[in-house]
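Chemist: Sharing a structure below in structure tokens format, with a few things to ask.
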């Protein structure tokens, strides 16, 4: 009597049982768990460091922006004063010119 | 161990060549369609929203019988999985089965935790959110007390609430909710303090992302996915099968984030200290002494449960003081017991009959 053919399902199920048992053994072993735990902790600490760096960079950026904005406002203020002075000079010159013509 | 792995890899290469490659490609290519189908099926039992709070919703299912039993049943799912596992598809719905028994069924949907939920302690989920849902169910139904049906982590939450508010609970069902966390389960091993720094995890991530939880669930038995692929391949032309398959696939790949502070307490107190077993677990400063439970209690465990091993669930049956108590151990797995093909002949009738007797 010949053996019935082994189906793909039977083969995969047998293989899955074997790999699952292997994985269960590995994933419970202190060596594996210690390394996995250390790697997770290291990743989390790296993330904390990156977040702190990004936070500091964002803060510096905000400060630089604030400083730039202050300088821009100062320049605008100076420009306005210069424009004002220039207008006053124009009016003075005009006045003096008009006075000369009348005198 | 390395030699064994070499053998397994060699065998895998043979299987891949023998047709598994085609099975796997077909399965992965169908994922989007499977999820889309799943979305049309889950949570379809007609219900009315009776309470909402942040991301939480409380649903009251519309009756399916002419008369309803007076004591409402409040379903409490796990904090980290969508409630719709208890209403997976019209033909595979635990909620539907209870409704057909004439029960007045409420469903707590925790929703998806956001940054606003990060600081909410586990205590507030039990005495605050769950407590308010109990009050709404009492008010809506006009009943003095409710029957609590907690599934998975919801079982622990329902039991803790029963200890704290015994006059509000007419009956308690713990469906696959672990009580003894120092068991043989893989999560019990993975969460040991020497391997998992819970404070670092929560302080860094806040809420524990759904993707991380999904990865963790998947890593319990990653090779299982191959059998799912084969199931799909073999029965992809059977609509009755593919509907449930799609809904299940959606649910198993769709966890919700675990709120950060709740996770911290859950893992540190329960998994790492096993505080529910030694009587040191507290909620809002009050000890959760399971011996104070006197309400009729049904404990249901599954013998092939690898998430909450049946012995760790069955402990509740031994710890409580209820005169009316029953323990059922089903020959299924953690999820299969609720939505598997034999749920309709195993869990639903036994649970429905038990609740119906205690909801009159």
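The values are calculated or read from the model by the stated rules, or taken from the named source; none is laboratory data. This is a predicted model, so every value here is computed, not measured. Cβ: placed from backbone, ideal geometry, glycine included. Neighbour counts: every protein chain shown.
Chemist: Residues that are at pLDDT 90 or above and under 18 Å from the mean Cα position of the chain (by Cα): which helices (runs of 4 or more DSSP H) entirely in the range B:165-252 hold 2 or more of them? First the steps, then the outcome.
Modeler: Working: elements: B:186-190, B:198-205, B:210-220, B:224-234, B:239-252.
Passing ranges, in order: B:186-190, B:210-220, B:239-252.
Chemist: Please tell me if residue B:332 is under 14 Å from residue B:172 (Cα atoms) and assigned to a loop (DSSP other than H, G, I, E, B).
Modeler: Working: under 14 Å from residue B:172 (Cα atoms): no; assigned to a loop (DSSP other than H, G, I, E, B): yes.
No; evaluated as a whole, the condition is false for this residue.
Chemist: Right, here's the next one. Quick one: would you say residue B:214 is surrounded by fewer than 18 Cβ atoms within 10 Å (Cβ to Cβ), more than 10 Å from chain A (Cβ to nearest Cβ) and more than 30 Å from residue B:72 (Cβ to Cβ)? Explain how you work it out, then say what you get.
Modeler: Working: surrounded by fewer than 18 Cβ atoms within 10 Å (Cβ to Cβ): yes; more than 10 Å from chain A (Cβ to nearest Cβ): yes; more than 30 Å from residue B:72 (Cβ to Cβ): yes.
When the stated conditions are applied, residue B:214 passes them.
Chemist: Which pairs turn up if I take residues in the range A:21-34 that are within 7 Å of another protein chain (Cβ to nearest Cβ) and at pLDDT 95 or above and look for partners that are surrounded by 13 or more Cβ atoms within 10 Å (Cβ to Cβ) and assigned to a loop (DSSP other than H, G, I, E, B) with beta carbon separation below 6 Å, at least 6 apart in sequence or on another chain?
Modeler: A:33/B:195
Chemist: I'm checking my understanding of the structure. Among residues of the range B:201-211 that are in contact with a helix residue (DSSP H, G or I) (Cβ under 9 Å, 6 or more places away or on another chain) and buried (at least 17 other Cβ atoms within 10 Å of the Cβ), which one is farthest from the other protein chains (Cβ to nearest Cβ)?
Modeler: Checking each candidate, the answer is B:207.
Chemist: With the structure loaded, tell me whether residue B:49 is buried (at least 17 other Cβ atoms within 10 Å of the Cβ), at pLDDT 95 or above and either closer than 27 Å to residue B:354 by Cβ or touching a strand residue (DSSP E or B) at 6+ places or on another chain (Cβ under 9 Å) (or both) or whether it fails that test. Steps first, please.
Modeler: Numbers: buried (at least 17 other Cβ atoms within 10 Å of the Cβ): no; at pLDDT 95 or above: yes; either closer than 27 Å to residue B:354 by Cβ or touching a strand residue (DSSP E or B) at 6+ places or on another chain (Cβ under 9 Å) (or both): yes.
No; evaluated as a whole, the condition is false for this residue.
Chemist: Okay, moving on. Please determine whether any residue of the range B:289-303 is buried (at least 22 other Cβ atoms within 10 Å of the Cβ), touching a helix residue (DSSP H, G or I) at 6+ places or on another chain (Cβ under 6 Å) and closer than 30 Å to residue B:211 by Cα.
Modeler: So far as the range B:289-303 goes, yes, one or more of its residues are buried (at least 22 other Cβ atoms within 10 Å of the Cβ), touching a helix residue (DSSP H, G or I) at 6+ places or on another chain (Cβ under 6 Å) and closer than 30 Å to residue B:211 by Cα.
Chemist: Also, quick follow-up: Give B:88, B:74, B:98 a once-over and let me know the one that is over 23 Å from residue B:139 (Cβ atoms) and buried (at least 24 other Cβ atoms within 10 Å of the Cβ).
Modeler: Values: B:74 fails: over 23 Å from residue B:139 (Cβ atoms); B:98 fails: over 23 Å from residue B:139 (Cβ atoms).
None of the others qualify; the one that does is B:88.
Chemist: Let me ask something else about it. Of all residues in the range B:274-288, which are farther than 16 Å from residue B:178 by Cβ and surrounded by fewer than 16 Cβ atoms within 10 Å (Cβ to Cβ)?
Modeler: Pass one, the range B:274-288, residues farther than 16 Å from residue B:178 by Cβ: B:279-280, B:282-287.
Those that are farther than 16 Å from residue B:178 by Cβ and surrounded by fewer than 16 Cβ atoms within 10 Å (Cβ to Cβ): B:279, B:280, B:282, B:284, B:285, B:286, B:287.
Chemist: Ok, one more. Search the range B:253-265 for residues being under 16 Å from residue B:181 (Cβ atoms) and buried (at least 23 other Cβ atoms within 10 Å of the Cβ), and hand back the single one that is nearest to the chain's Cα centre (by Cα).
Modeler: As a first pass, look at the range B:253-265 and keep what is under 16 Å from residue B:181 (Cβ atoms): B:258, B:262-265.
Now narrow it down to the ones that are buried (at least 23 other Cβ atoms within 10 Å of the Cβ): B:258, B:262-263.
Values: B:258: 13, B:262: 16, B:263: 16 Å.
The residue in question is B:258.
Chemist: Here's something else I'd like to know. Would you check if residue B:171 is crowded, with 20+ Cβ neighbours inside 10 Å, in contact (Cβ under 8 Å) with a residue 40 or more places away in the chain and within 17 Å of residue B:290 (Cβ to Cβ)? Working first, answer last.
Modeler: Working: crowded, with 20+ Cβ neighbours inside 10 Å: yes; in contact (Cβ under 8 Å) with a residue 40 or more places away in the chain: yes; within 17 Å of residue B:290 (Cβ to Cβ): yes.
Yes: the conditions hold for residue B:171.
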